[in-house]
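K.L.:
For reference, the structure I am asking about is given below.
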Amino acid sequence: MKKTLLMTCAVAMVVACVQAQSWLKKEKEPEKTKGWIDNFEQAQKEAEAFKQPIFAFFTGSDWCGWCVRLKKEALDTKEFEKFAADNLILFEADFPRAKKISDKVKKQNDELASKYGVRGYPTVFLLDAEGKQLGRTGYKAGGAEAYVKHLKEMLETAGVKTVEKPEAAKPLSAYEKMKAERAAKAAQDAEKK
């Protein structure tokens, strides 16, 4: 009887230890980078992990007027940022004249510009995780709404579905909470009658 009880306790302890180790070994969920990435390899890894295309923006950020205009009119807007957060991995290959970038990033950007045949700025590619081109565009007039619509059409043509996740509800103020509670109580009282 004691041997059976002792054996059962030993097995239970081993099982508990194995379970605890498996919990510790679980890899952390990958996190999507917020904003722009300047490392193409990282962008590819995130594209693979999140099953989203790469929005590759080739720009001359400190000298190209059309690039600055595209950023201001579309890319730096809440509408584009929301669409990108739900559907894209943002990669920027910058070719500045005055702004300093690392030699590693400069070399990477030069190689990518050569690989994809960039001849002017801004040039935008939609790429899959392997770097295969899904679409190519540049500056489009009409602001963020028109630009997002244009990107959705390009992605749809390439067979990529886009999603529109609802925005997280902002927390209610104390007054709004009190009002909602009173309305709920009034509804409950009406049901009882």
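What follows draws every value from the coordinates through simple rules; no lab data is involved. Note that the structure is predicted; figures quoted are calculated from it, not measured. Note: ideal-geometry Cβ built from the backbone for every residue, glycine included; neighbour counts use all protein chains shown.
K.L.:
Determine the shape class of the stretch 40-157: with a ≥ b ≥ c the square roots of the Cα gyration tensor eigenvalues, call it rounded for a/c under 1.5, and otherwise prolate if a/b is greater than b/c, oblate otherwise.
P.N.:
oblate
K.L.:
So which trypsin sites (Lys or Arg not before Pro) in the stretch 82-121 are both in a DSSP loop and have at most 16 other Cβ atoms within 10 Å of their Cβ? Intermediate results must be reported in sequence, preceding the final value.
P.N.:
Values: sites: K82, R97, K99, K100, K104, K106, K107, K115, R119; in loops: R97, K99, K100, R119.
Passing sites in the stretch 82-121 are R97, K99, K100, R119.
K.L.:
Right, something else. Find how much the distance from W36 to T162 grows on full extension, using 0.36 nm per residue of separation minus their present alpha carbon separation; answer in nm with one decimal.
P.N.:
Details: separation 126, 0.36 × 126 = 45.36 nm, distance 1.93 nm.
Computed gain between W36 and T162 is 43.4 nm.
K.L.:
Starting from the amide H of L134, placed 1.01 Å from N in the peptide plane, find each other amide H under 5 Å away whose residue is 5 or more places distant or on another chain.
P.N.:
Residues meeting the criterion, in which the H sits 1.01 Å from N, are L126, L127, D128.
K.L.:
Report, in listed order, any pair from K78/K100; K51/K104; K107/K161; K78/K149 with a Cα-Cα distance greater than 23 Å.
P.N.:
With Cα atoms farther than 23 Å apart: K78/K100; K51/K104; K107/K161.
K.L.:
For D128, D103, D110, what ranking results if the residue with the fewest other Cβ atoms within 10 Å of its Cβ goes first?
P.N.:
Lowest count first: D103, D110, D128.
K.L.:
Right, here's the next one. Along the stretch 55-71, what does the Karplus equation 6.51 cos²θ - 1.76 cosθ + 1.60 (θ = phi - 60°) give for ³J(HN,Hα), rounded to whole Hz, x for Gly and Pro?
P.N.:
So the Karplus estimates, Gly and Pro as x, are 9, 9, 9, 8, 9, x, 4, 10, 9, 8, x, 5, 5, 4, 5, 4, 4 Hz.
K.L.:
Then there is this: Could you check the simple spin-label distance between W66 and E145, using points 7 Å along Cα→Cβ, in nm with one decimal?
P.N.:
Each label point is offset 7 Å from its Cα along the Cβ direction, giving 2.5 nm.
K.L.:
Determine the gain in length on full extension of the stretch A190-L134; use 0.36 nm per residue of separation and subtract their C-alpha separation, reporting nm with one decimal.
P.N.:
14.4 nm
K.L.:
Would you mind checking which residues have amide H under 5 Å from L90's amide H? H placed 1.01 Å from N; only 5 or more apart, or other chain.
P.N.:
I37, F55
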